[in-house]
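The values are calculated or read from the model by the stated rules, or taken from the named source; none is laboratory data. All values derive from a computational prediction rather than experimental measurement. FYI the Cβ positions are ideal-geometry reconstructions off the backbone, even for glycines, and counts take in every protein chain you see. Surface areas here come from the heavy atoms of the whole protein model, side chains and all, with no ligands, DNA or RNA. Shrake-Rupley method; radii C 1.70, N 1.55, O 1.52, S 1.80 Å.
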Amino acid sequence: MEESKQTTNEKEHLTSLLTVLKTNISAYFMFIALIVIMVFFTVTTDGVFISSRNISNLINQMGYIAVLAVGMTLIIVIRHIELSVGYLAGFLGAFSAIAMTFWGWPVYAVIPAVMILGVLAGMLTATPVAKLGVPAFVSTMAAGLIFRGALLLVTMGTGTIVIKNSVFNAIGNGFIPDLPIPGLLPERHKLTLILGLAAIVLSIFSAIKSRKTRQSYNFSVPNFGLFVAQMVLVSVLIGYVTWILSGYNGISWSLVILLVVVAVFQFITTKTPLGRHIYAVGGNPEAAELSGISVSKITYIVFGAMGMLSSLSGIMYASRLRSATTTAGLGFETDAIAAAFVGGVSAAGGVGTITGSIIGALVMMSLTSGMNLMGIDISIQYIVRGAVLVLAVIFDRITRRKM
Amino acid sequence: METPILEMKSITKEFPGVKALDDVTFSVRKGEIHCLVGENGAGKSTLMKVLSGVHPFGSYTGDINIEGELQKFGNIRDSEKAGIAIIYQELALIPELSVYENIFLGNEITNGLVIDSNESISQAVEILKKVGLDVNPMAKIKNLGVGKQQLVEIAKALKKDVKILILDEPTAALNENDSDNLLHLILELKKQGVTSILISHKLREVLEIADTITVLRDGKTVTTLDVESDKVSEPILIKNMVGRSIDNVFPKREKITVGDEVLRLEDWSAFSYAHGREILHNVNIKVHAGEIVGIAGLMGSGRTELAKSVFGNPDHYRLSGKVFIRGVEQKFRDPGDAIKSSMAYVTEDRKGNGLILIDDVKHNISLANLKEIAKAGVINENEEILVANQYRADLNIKTPSIQQKVRNLSGGNQQKVSLGKWLFVKPGIMILDEPTRGIDVGAKYEIYTIMNSLVEKGMSIIMISSELPEVLGMSDRIYVMSAGKIKGEMPIEEASQEEIMKLAVDY
C-alpha cells in the first residue's frame, strides 16, 4: 500500500518534471543555442571572442539594450508593444547631460530625477492605452515621434553635448574597484573573484534551503544526484564567467546595474502577486479583470516600469559615449523587441520570462560582436541577425504547438 | 439493406499517450437524423474531425465510405467536395461582413474578376428562405443574435451541395426558442432529403428529433439505437453514456431554514453604452444565506448582465439603484471591491473570461486570492501547491498534475478549476453563471453535489441557468427574467417548466 503510494508520487513527480521541461524547452534551447554561438565564434576568431576583454566589452555594449529588453518583455506579456523607448532613452540621456552640464545639477540628483521622469513619460504614453483602449502601437509610435522631436529640440543649440562628470561616465565605462592585496593573483581582479565565489555560495545555500522547505511540506524533490549535478553546473557557470571577467577589469558598473535590474524584475515577476497579475492580464485580460485585477492599473505599472528602464538605458548609453548625441536611442526599441522574441516571449500574451529575454539579448549581442571580430560586412550582419530572429520565433512556435 | 450514406469502419485514432478513438464503427442511413451522444472526451468531436478531414487520411486507421465509395480526405476541402459540411459550436462567421458575404465567403460569385453582389444577394435570399431566416442579406453578422447567426451558418453550408450536414452542439448557445427553431429546421431539411448528424448533450432534444442514436464512451462505440423500435428514453441513454445509471440527476440536500438576507438589489438599472440602450430595468431581488436562488430566462434576457453589473461592473454600464450586502449599501468600483465584500462570480464563458487557459491549474486556482498565500508581498509557492492539491482533491479535478495547463483539461474539469478558484476566495455569495454548460452528465452531478454542500454550510448561491430542469432541480426560489426585467418570482414548490417559460417569453 505504502509502496504503491510511493510510485504514484514518483510518477506524478515525473509528469510534472516533464511538463516543466516541456514548458521551458524554448528557454533551454536558446541557452544551448547561445553556447553554440559562443563556441562557434571562439573557434572562428582563434579565441579572441571568449577573451576577457571582448566579453567585458560585449556586456557593456549589451547593457543598455538588455535593460530595455527586460521592460519590453513585460510590455509584450500584457499584449502591448512600446515603440517609443529608444527615443525616450535618447531624450532622457540628453536631459541628464543638460542638467549636469548647463544647470549644474549634481549627478546624484540627476539620476533619480531622470528615472522619475522616465516613469512619468511611460505612464503618460500608457494613458490612452489604459483608459481608452487605443492600440499601444499607435500611442507609443506617437510618443516616439514626440520624444524624438524633444531630443532634437533640446540639442538644437548645442548639437552633441559632451559630459565631463566622471561619476556619470563611470556608469557606462567604469568597473568596480579592486582590493589592494599585493602579490595575490596579480593578473586577476580579486574583488570580482570574491563576489563570484559569494554568488556560488549564495546560490548553493538558497537551493539547499528551498529543497529543505519543499521536504518539510512533504513534497517530492529531485533525487540527490540530480540536485548535486544542477548545483555543480550553476557553480561552474558562475565561476567561469567571473574568472573570464576577472582577467580584464572585473565587473563593470553596467553589469552591476543590469544584474540589479534583472534580479528585481525576476523577483517581481516570479515571486509576487504583482508578477502573477501581470501574467494573468496577458493570459486573459477579461478573466483577470473579473478576478479583481485592475487591467488598467497593471498597464500603467508595466508602462511606468518600462519608462524607468528607458531612463536607465538612456543614462547608460550617454555615459558610455560620454556625451548626448542627436541620434541617441535610434533603433533601441527594435533591438529590445528582437531580444525579447528571441528569448521566447509570445506576442499572443501571457508568456515570456525576464531571464529568457536576457539570453535573447546575449544571443543578439554575441552575433554582432562575433561577426565584427570576424570582419563580416554590416550588410551580412543584418541579414544574419534577421534570420536568427525569425528562426528563433519559428522554433518557439513549433515547440509550443506540440504541447 | 440499402448502402448507408456514410459508413465509418474500425476507426482508430491515437494522440500521443491517448487512444481517442478505438475501433469505432459508425453508420448513417440516407435521409435520417443521426445523433451522436456521449460524455465529454468520449470521442465525438474527434470522430467528426476524422470524417471532415481535419485529421487527414493516414493519421488514423480504418475506412470511411460515402455511398459505398472509399474516401481518403487529406483536408477539409476534400470532405466538402464529397458533400460533408460541419457546423461547429463556435461559429465561423466574420462579424464585420454582411449575411450574404458570409454565405458566399470562399466561393464568391464573380463576373470574371469582380464580385457580382446583385446575383449573390438574390441567391442568398433563396438560401435564407430554405432555412426559414427572414433577415436583410445586407445586414452585418454582428448585428444578429446568436440564433440567427447559427441559421446563417447552416445556410452557408446548404449553399454547397451538401449530402451530410454535421452539427456540433448547435443549441448549446441558444435559448429555448432558438433551439426549437433550429430543431424544427433540421426536421424540415430531413424532408428535403438532407442527412444530418447531430452532436448534443441535451438528451431531451436528441430524443425529440433523432431517428437513430449512437452512443460513444471512452473512444468506443457503446451502442447504436433506433429511437422508435428500441424505445429509447433519457435514462437508457444516460446509462449507456456513463456506464452506470444515475437514479437522481439532481442530488438531494437537507432542507435547512433560510438565514438572514445577504444581498438585496433595489431598483437596479443599467445602461450599456456599447448597446446604446438600457439593459436592466428596475431589478429588485433578495438573496438569503443558505439558499440557492435560480435566475431563469432566455439567452439575452439580461441575466449575465445583471451578474456583471452587481459584481463590480467590469463592462462599465451606467448604473442606478442600490446594492445592499448584509444590509449595508455598497458601491463597487470594480470586481476587486465585490470580491472584498465576499462575492464570487463563476463566469458563463469559462474559456473566454473565466480561466487563464495558457496557465496551469495551481496558478488559476490561486489567482483571485494571492494575498492568502503571500507573506510580506512574496508568494509562498509551497502553500500554493497545498491549496491547489486541496481543491483538486475536494472537487475531484481530474488532471495528471496541478502543473497541467488548464487548456488541456476537459470542460467539466475546467469548470471545477473555476469553482476551486472562487471557493478559495472564501465567498459568502457565489454567482454561478450557467454552471454546467457543455459539461458531461457525471461532472454535472458532481457540481450539483458541491453546490449543495456549499449552501448547507450557509453560503448563498445565485444560479443563472438556461436549462429549466436544472433550475427546477436545484433552486430554492426562482426569479424569471425577460428583456432586462424580473418578470416573476416563485418558491420552488410553485414552479413548473410551463410557468417559467410563460414568464420568460413575456416581453
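Side notes on the structure shown:
- Accessible surface of the range B:419-499 [probe 1.4 Å, protein heavy atoms]: carbon and sulfur percent: 51
- Each chain gives up part of its surface: A and B jointly bury about 2700 Å² of accessible area, both sides summed, for a 1.4 Å probe.
- The relative contact order of chain B comes to 15 percent, based on Cα pairs under 8 Å that sit 6 or more residues apart.
- B:ILE492 contributes about 40 Å² of solvent-accessible surface, heavy atoms of the protein only, 1.4 Å probe.
- Amide H to amide H distances under 5 Å link B:SER482 with B:LYS487, where only residues 5 or more positions off or on other chains count and H is placed in the peptide plane.
- Accessible area in square angstrom per residue, the range B:111-196, 1.4 angstrom probe: 47
- Whole-Hz couplings from phi, Karplus 6.51/-1.76/1.60, listed for the range B:296-309; x for Gly and Pro: 9, x, 7, 4, x, 7, x, 5, 5, 5, 4, 4, 5, 5
- The charge dipole of the protein assembly as shown, taken about the Cα centre with unit charges on the Cβ atoms of Lys, Arg (+1) and Asp, Glu (-1), comes to about 3000 debye, rounded to the nearest 20.
- Burial order of peptide ranges A:56-69, B:376-389 (average beta-carbon count within 10 Å, highest first): A:56-69, B:376-389
- For the residues of A:276-289, the average number of beta carbons from a partner chain within 10 Å of their own beta carbon is 6.
- Distant-in-sequence amide contacts of B:LEU225, defined by a placed amide H-H separation under 5 Å and a gap of 5 or more residues or a different chain, comprise B:ILE213, B:THR214, B:VAL215.
- At least 24 Å along the helix axis (C-alpha) and Kyte average at least 1.0, DSSP helices within chain A: A:25-44, A:52-77, A:107-132, A:136-154, A:224-246, A:253-271, A:295-321, A:354-373, A:378-401
- Farthest positive-ward along the range B:355-421 dipole, Cα basis, beta-carbon charges - from B:GLY411, B:ILE358, B:VAL387: B:GLY411
- Helix content alone sets the calculated 222 nm mean residue ellipticity of chain A: runs of n ≥ 4 DSSP H residues at -39500 (n - 2.57) each, divided across all residues, give -26000 deg cm²/dmol.
- The range B:267-331: trypsin sites (Lys or Arg not before Pro) in DSSP loop, at most 10 other beta carbons within 10 Å: B:LYS331
- For the segment B:371-379, counting C-beta atoms of other chains within 10 Å of every residue's C-beta and taking the mean gives 3.
- Which of B:LEU182, B:PRO95, B:GLY68, positive extreme of dipole for the range B:6-242 (C-beta unit charges): B:GLY68
- Pairs beyond 32 Å (Cα-Cα), from B:LYS140/B:LYS485; B:LYS13/B:LYS421; B:LYS159/B:LYS444: B:LYS13/B:LYS421; B:LYS159/B:LYS444
- For the range B:360-414 versus the range B:60-118, the spacing of their alpha-carbon centroids is 41 Å.
- Close amide H pairs (under 5 Å, H built 1.01 Å from N) link B:LEU280 with B:ALA270, residues at least 5 positions away or on another chain.
- Per-residue average of Cβ from other chains inside 10 Å of A:208-219: 2
- Set A:LYS297/B:LYS142; B:LYS351/B:LYS405; B:LYS81/B:LYS156; B:LYS375/B:LYS416; A:LYS271/B:LYS405 screened for pairs whose C-alpha atoms are more than 21 Å apart: A:LYS297/B:LYS142; B:LYS375/B:LYS416
- Using alpha-carbon coordinates, inclination of helix B:381-394 to the longest axis of chain B, degrees: 70
- Legend: distances between Cα atoms for B:LYS19/B:LYS129; B:LYS72/B:LYS398; B:LYS19/B:LYS163; B:LYS220/B:LYS426; B:LYS44/B:LYS255; pairs beyond 31 Å are B:LYS19/B:LYS129; B:LYS72/B:LYS398; B:LYS220/B:LYS426; B:LYS44/B:LYS255.
- Derived scalar couplings between HN and Hα for the range B:439-454 equal 10, 7, 4, x, 5, 4, 4, 4, 5, 4, 4, 4, 4, 4, 5, 5 Hz in order, rounded to whole Hz, by the Karplus curve 6.51 cos²θ - 1.76 cosθ + 1.60 (θ = phi - 60°), x for Gly and Pro.
- Spin-label model, B:ALA274 to A:ARG214: label points 7 Å out along the Cα-to-beta-carbon direction sit 4.3 nm apart.
- Leading residue at positive end of dipole, the protein assembly as shown (Cβ point charges), from A:GLY90, B:TRP268, B:THR347: A:GLY90
- Average accessible area per residue (Å²) across the range B:355-421 - probe 1.4 Å, nucleic acids and ligands excluded: 36
- Packing, taken as the mean count of other beta carbons within 10 Å per residue, orders the peptides B:468-476, A:180-188, A:385-393, A:317-325 from highest to lowest as A:317-325, B:468-476, A:385-393, A:180-188.
- Sparse-neighbourhood loop sites, GluC sites (Glu not before Pro) in the range A:262-366 - DSSP loop, at most 11 other Cβ within 10 angstrom: none
- Computed with a 1.4 Å probe over protein heavy atoms only, the accessible surface of chain A comes to 48 Å² per residue.
- Pairwise Cα inverse-distance average, inverted: Kirkwood Rh of the range B:191-292 (Å): 18.6
- Between helix B:176-191 and chain B: long-axis angle, C-alpha atoms, 0 to 90°, nearest 10: 10
- Dipole magnitude for the range B:355-421: computed about the Cα centre from +1 point charges on Lys and Arg Cβ and -1 point charges on Asp and Glu Cβ, it is near 200 debye.
- Packing here is the average count of other Cβ atoms within 10 Å per residue, and on that basis the peptides A:264-270, B:401-407, highest first, run B:401-407, A:264-270.
- Backbone HN-Hα couplings from phi across the range B:133-141 [Karplus 6.51/-1.76/1.60, Hz, Gly and Pro as x]: 10, 9, 10, 5, x, 9, 6, 6, 4
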